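*Asks:* Here you go, one structure.
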């Protein structure tokens, strides 16, 4: 506060009534003037303090506004979608870097220009005017237009337009956003691929659960069938030996009594004993074949349901593949060739015997599938792929019907004629590969034929 000065004695000269008071420093204060000046100075101090507070608040708001402005600028700069702000007449007020990049122009070159100048040709401009005008306040949603790029090409863009309204509801302009359709297609493709992967994973999980449940069921069935089948097969083999002896005995009886006993001869002809004796070996052989077939099925069921208790060992896959190919080629009834092209030293951890079973099954299936081909051939190739060793078995057969591709590894599913396959080979192979931590897949080759891909974890090298 300024220091108050002491008033001097008042002059005896009285100024005219209409004269203004003399407020110069040397003039005396009118009555009560000191108090008035103190109030004025206090008010000035209050106003000054208010001004200082307003200035501080204004600086804080300016700083916040600048920060918000920088944030909005960074957001607009990082957007991959295009953004256009227009006035009510369709003239551009603001654009983001994405649009400037597509149009190949600066912000100054685009600002205050009609938005319709961005479209590829007059037809697109007319269509855009019609759509934007007709839909007006309702906005435009996911409408595809072609924009003119900076290099003269056209860019398909899926655009959305939203009106800008004042507080009173008056149309102030519009905000247009868009995304190049190529990006949308890539996003949809990625989404579709993710969906397919999810479906495939769900299918694999469902298949694994089915295999576990079926394994328990099959184990019980195989156990219950094993003893009766062994009993039947043993009895049929014994019956074959007995039938041979009976046939010899009856032959001798008929030879000795045929000339003297007419009744015995007539009974022989009436009962068709000769025909029975001729059919007996074929009937018994059929029974033996059926029993052996049933035994093979039971054995396959036992292998299918077996719990893996293997002790992991280093398996040389080169030897396993070559041995499997050699055995199948040597036993093939028709001409069947196999080409093996594998890098040396392919190893994995697992059971050599079980993997041998898988390889034999894949090679044998290829041999069966190409039986009617004039140049039946199997090609085996592969190598390391990251932490996996991959083997591909490709044949030149007719391929696999599309409706059967998803069922190949189901138990008891087979495309072979009745009596030539149990439908358990691939299921057993699939289970063995899964227990080894690998994958077994099947597909058709574009050039024809089927291909099975076997992936197994690599032995630590």
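*Asks:* Among the candidates 245, 295, which residue alone is at pLDDT 65 or above, more than 30 Å from residue 410 (Cα to Cα) and assigned to a helix (DSSP H, G or I)?
*Replies:* Matching residue, one of 245, 295: 245.
*Asks:* Could you tell me whether region 48-70 includes any residue that is within 30 Å of residue 149 (Cα to Cα) and either outside the structural domain of residue 175 (by TED's automatic domain parsing) or at pLDDT 80 or above (or both)?
*Replies:* Within region 48-70, one or more residues are within 30 Å of residue 149 (Cα to Cα) and either outside the structural domain of residue 175 (by TED's automatic domain parsing) or at pLDDT 80 or above (or both).
*Asks:* List the number of the failed condition for residue 401; all other conditions in (1) within 30 Å of the chain's Cα centre (by Cα); (2) over 24 Å from residue 201 (Cβ atoms); (3) touching a residue at least 24 places away in the same chain (Cβ under 8 Å); (4) surrounded by fewer than 18 Cβ atoms within 10 Å (Cβ to Cβ) hold.
*Replies:* (3)
*Asks:* Follow-up question, since we're still on this one. Restricting to region 352-375, give me the number of residues that are outside any helix (DSSP H, G or I) and out of contact with any strand residue (DSSP E or B) (no Cβ under 7 Å at 6 or more places or on another chain).
*Replies:* Number of matching residues: 5.
*Asks:* Can you tell me which residue in region 404-423 is modelled with the highest pLDDT, limited to those that are over 24 Å from residue 457 (Cα atoms) and surrounded by 17 or more Cβ atoms within 10 Å (Cβ to Cβ)?
*Replies:* Ranking the qualifying residues of region 404-423, first place goes to 414.
The values are calculated or read from the model by the stated rules, or taken from the named source; none is laboratory data. Everything numeric in this text was worked out from a predicted model, so none of it was measured. Note that we place each Cβ from the backbone using ideal geometry, even for glycine, and neighbour counts take in every protein chain shown.
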